[in-house]
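The values are calculated or read from the model by the stated rules, or taken from the named source; none is laboratory data. Note that the structure is predicted; figures quoted are calculated from it, not measured. Please note: Cβ atoms are built from the backbone with ideal geometry, for glycine as well, and neighbour counts cover all protein chains shown. Side chains included, ligands, DNA and RNA excluded: accessible areas come from the protein's heavy atoms. Shrake-Rupley method; radii C 1.70, N 1.55, O 1.52, S 1.80 Å.
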Amino acid sequence: MVDRIKNATPHMTRNEDLIFERSTPGKTGAELPPLDVPARPPERTLGDFYRSDIEGFPEISELDVMRHFTRLSTWNYSIDAGVYPLGSCTMKYNPRLNETVARFAGLGTDHPYTPEHLSQGCLKVLADTQRALLEITGMDAISLQPAAGAQGELTGLLLIRACLRERGDARRYILVPDSAHGTNPASVTISGYEALPLKSDSRGCVDLAELERLMTGEVAGLMLTNPNTLGIFEQDIERVCDIVHAKGGLVYMDGANMNALVGVARPGRFGVDVMHLNLHKTFSTPHGGGGPGSGPVAVKRLLEPYLPTPTVEEQPDGSVRLNYDRPRSVGRVRAFYGNFGMAVRALAYILAYGPAGLRQATEDAVLNANYVKERIRDCYDLPYDAPSMHECVFSDRRQETRGVRTGDIAKRLIDYGFHPYTTSFPLIVHGALMIEPTESAGKPELDALIDALRSIAQEAEEDPALVQKAPHTTRVSRLDEVGAARKPILRWKPASG
Amino acid sequence: MRYLPNSDSDRAAMIEAIGKKSVDELFDQIPADLRLRDRLNLPGPLSEPELLEFFEQASRESARDYVSLLGAGAYAHYRPVVIDALILRGEFLTSYTPYQAEISQGNLQAMFEFQTLIAQLTGMDVANSSLYDGSTATNEAVLMAMRLTHRDRVVVARTVHPEYRQVIATYVQHQGVEVVETPYAPSGQIDLAALEAAVDDQTATVVVQSPNFFGALENWAAVAEAVHKCGALLVSVITEPLSLALVRPPIEADIICGEAQSFGVPVAFGGPYVGFLATRERFIRQMPGRLVGETKDSQGRRGYCLTLATREQHIRREKATSNICTSQSLMALNATIYMCLLGKSGIRALAEQNLAKACYAADELGKVPGAAIPFRAPHFNEFVVKAPGDCGELLAALREEKIIGGLPLERFYPELKDHILVCVTEMVSRRALDRTIEVWHRFSRPVTEKVADAAAVG
Ligand SMILES: Cc1ncc(COP(=O)(O)O)c(C=O)c1O
């Protein structure tokens, strides 16, 4: 069984305790220059406020820190190491140049309250990023303030609410397709609306009849992901928007899947009123093990007055200023101007590709997904057999008859040297395998991924236990997640006694 | 294009394998009238040297040559080079949220260490593995307190960061919540009498920051008593957590949240930063954000995994404790490495330097004729000083010397005309401070002379 695995072999993996267990009194990993003003004894200066010790805080040398985190790093899978076909997450190459320029003096060091005339460089990066994203989406105005996709969703919903309220039109619900990402309904709740589930039709797309039925004067709008979470383009998008608009509602587009559209089609043309982008997906800003992200919100003219303050505005003389004087704004969703550093990286990505390159990247992403889909469709169940955009979604129905579920196949893929696809999402697919290769996988690597998926399908037939107990080659085997939640241990504590 | 691994012959082979004639056919599913006919109107492509030049130009139009006395929620501290050597490792930089625990143990263990360090610093039982930033962490704490108390009145001190207060206002605007702001006392701390009057049995939470926006340290015991008497929860906000190396943490609070940017995360024009939230064990099921827990693998070895996910949006959807998904893991790692490098003694030494420098600056500026230190409560590395005259002119005079002299407070507090919030970290040298003080003196001279002249004429 092991000889089937061509792409991975176990490599050196060192044991490493927690940093606290490495600590020895008297060590430090940082030294300061001498103090150049008179010392102030803190006990006296701070009086009752004084703290004498941080109990348990580590004491370690610089080399210890270096080794500790270097060893931890080797226990992670990464895009740099290999293909990361995690559906809906768009794990594409993160160009290193972007890290370099984001650290340039000024861009990496200017304080957000620097007088505007001294921070024109930063403000121009924001303005350039805005302009590029508007060109790509075909929308009219944008805010870079939201810190991630979910915050972009909330912001967009608040914009819808503000607009309807000005019309004196209080409504109660937002329609959310059953295929939507979990952040969509969660954001609806925080916006003060209620999520009303919208069933998908047999194609996995918006059911127009159902939409007509549910779209009443009590519904403020629809949140739609396009391409949807099955990787299928919602062909009726214009009709969908018309139905919602006819009843006085607005349409929100979750743009998490923009990697299928950049340079090919613009949501501004679809009829949607507001959308968010994930700079940490489509525009290559690194995921960093779970953020930082950035979730710009782009709108049609109608919603522009409500965008969060401040807005970043280019002046006729070429300078850029922050506009705080926006009385109809929904307010501020985050301190300062959002994750500025992500804008620097996204802009570097866009400029590096240029218009033809961006389109090429989209074409490659879509071609890669279709290639994988075509080459494994005889091994896995394909519940929605529509043309795919940037990702494809299979079901584990066939393997389930052998007791092998999508989570097991995913774990076995690790043994073959790949990061798993996304499991169990979208919820409308029974045991989903959601595969998004992105443009950052070359054909030889895709062929290896395909071989692995085919081989696992065969293993599921011949030796289901092998798959059920995977992974077999990792530092740790499957972890007891149930036990972790039953009796949570969320921090280290010194051994007592 | 240098980032794309496929060659034209790869593409041709793949197109053939899927039975298409051209890649364009793959886009036939998009209705023709929705497809873009022209190329995007964007610059590029740019090579590496061209990109470097582009961003170098932006870097030139910055305050990179200035000494900065700005704080107010974003603090410039020295970043040891080890931080970037580690966070730029692809294994950290280019990995996803650790849903697949077996191949994410590095991130998971580092997050567990972050949770522990924050718990140790704040004196709380548990901390989560990061939120977007201090402002949204504060808002999440407010929403959490409302869930815990089933009450809907929120009292916020006016000395909480003004932009954090704005974020709270945005988030609760449709929740039927009443937000009440309480004033500050002449000391610069919260006005306790006004606080007691503002808190009632419908109050979910009282939000207080320390060091507060004026840099003043709050007296937690007195605040907590007023809050807890009415059954409300105390949320304590910290924007400069380095202070916790020398200042007793607000252990009387129910939730401690804030911004950990101060721990070696670049100031970077406002982000990415890293929010944190710590609380008591008994409240963990109402916490927002990801939590990493210790567990064992099938062979009994210690390992870590994301836990208590039933609070989160991917499981609970519209009933989740928060909508947060992607948070700020890499910046949490940055802060973790920073805290580990400094360690127990280093972080104290650094905090002592910040305290000494800020005290020196406050003393010297306070001596400038016509200037005043209006608030007398103890401070850490930030304080308010009233300028001897028009603060706009004074700050302009400082800029002539390549110094950004602080934040004029009138923008957020109209009653504090000509008051400047000054922050002094270890990054500001004695020389720069003395130059600043000299400009203040020079600026004050004509003002006081004018006053004297006027008196003589009168
Ligand atoms: C379809 C979809 N919508 C929304 C989100 C939420 O984005 P974020 O994680 O940046 O908050 C995601 C990503 O996780 C997603 O895949």
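Below is a table of values for the structure above.
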read-out: Calculated SAXS-style log₁₀ I(q)/I(0) at q = 0.25 Å⁻¹ - the range A:1-54, Debye, Cα scatterers; value: -1.11
read-out: Rg over Rh [alpha-carbon atoms, Kirkwood Rh] for chain B; value: 1.05
read-out: Rounded Å value of the spacing that divides the Cα centres of the range B:25-60 and the range A:200-229; value: 32
read-out: Other-chain or far-sequence residues with amide H under 5 Å of A:LEU86's (modelled H); value: A:MET91, A:GLU436
read-out: Estimated D of the protein assembly as shown in µm² per second, where Rh is the Kirkwood radius over Cα pairs and Stokes-Einstein applies at 25 °C, 0.890 mPa s; value: 86
read-out: Averaged over B:424-432, number of beta-carbon atoms from partner chains that fall within 10 Å; value: 2
read-out: Aspartates and glutamates with Cα under 16 Å of A:LYS27, excluding same-chain neighbours fewer than 8 positions away; value: A:ASP53, A:GLU55, A:GLU59, A:GLU62, A:ASP64
read-out: Charge dipole (the range B:265-416, unit charges on Cβ, about Cα centre) - positive-most of B:PRO272, B:ILE373, B:ALA361; value: B:PRO272
read-out: Cα gyration tensor category, rounded, prolate or oblate, for the range B:287-332 with a/c compared to 1.5; value: oblate
read-out: The range A:363-404-the range B:345-402 distance, computed between alpha-carbon centres (Å); value: 63
read-out: Spatial extent of the range A:125-242: Rg and Dmax, with the Cα atoms as the point set, Å; value: 15.0, 45
read-out: Delta accessible area of at least 30 Å² on complex formation, residues of the range B:367-402, 1.4 Å probe, chain isolated as reference; value: B:PRO378, B:ARG399
read-out: Chain B, dipole about Cα centre (Lys/Arg Cβ +1, Asp/Glu Cβ -1), debye to the nearest 20; value: 720
read-out: Global geometry of chain A, whether rounded, prolate or oblate, following the gyration tensor of its Cα atoms and the 1.5 cut on a/c; value: oblate
read-out: Heavy-atom accessible area, 1.4 Å probe, ligands and nucleic acids excluded: residues of the range B:118-156 down by at least 20 Å² from chain alone; value: B:GLN120, B:LEU121, B:ASP125, B:VAL126, B:TYR132, B:ASP133
read-out: Relative packing of peptides A:363-371, B:27-35 - highest average C-beta neighbours within 10 Å first; value: A:363-371, B:27-35
read-out: Loss of accessible area when A meets B, both sides summed, Å² nearest 100, probe 1.4 Å; value: 16900
read-out: For the range A:99-350, convex hull volume per residue from C-alpha positions, Å³; value: 120
read-out: Accessible surface, per residue, of the protein assembly as shown when the full set of protein chains is kept, probe 1.4 Å, Å²; value: 33
read-out: With every protein chain in place, the range A:331-474: carbon and sulfur % of accessible area (1.4 Å); value: 46
read-out: Carbon and sulfur %, accessible surface of the range B:82-338 computed with the full protein complex present, 1.4 Å; value: 50
read-out: Reduction of at least 50 Å² in accessible surface, 1.4 Å probe, comparing all protein chains with the chain by itself, residues of the range A:96-131; value: A:ARG96, A:LEU97, A:ARG103, A:PHE104, A:ASP110, A:HIS111, A:TYR113, A:LEU118
read-out: Cα lying deepest toward the dipole's positive end in the protein assembly as shown, options A:TYR93, B:GLY303, A:GLN120, charges on Cβ; value: B:GLY303
read-out: Cβ-based net charge around B:ALA253, under 11 Å, with every Lys or Arg adding one and every Asp or Glu removing one; value: -2
read-out: Pairs of Lys in chain B closer than 30 Å at Cα, counting only those 8 or more apart or on different chains; value: 17
read-out: Relative frequency of Cα-Cα separations exceeding 25 Å in the range A:360-483, percent; value: 21
read-out: Nearest-20 debye value, the range B:69-220 charge dipole, Cβ charges on Lys, Arg, Asp, Glu; value: 220
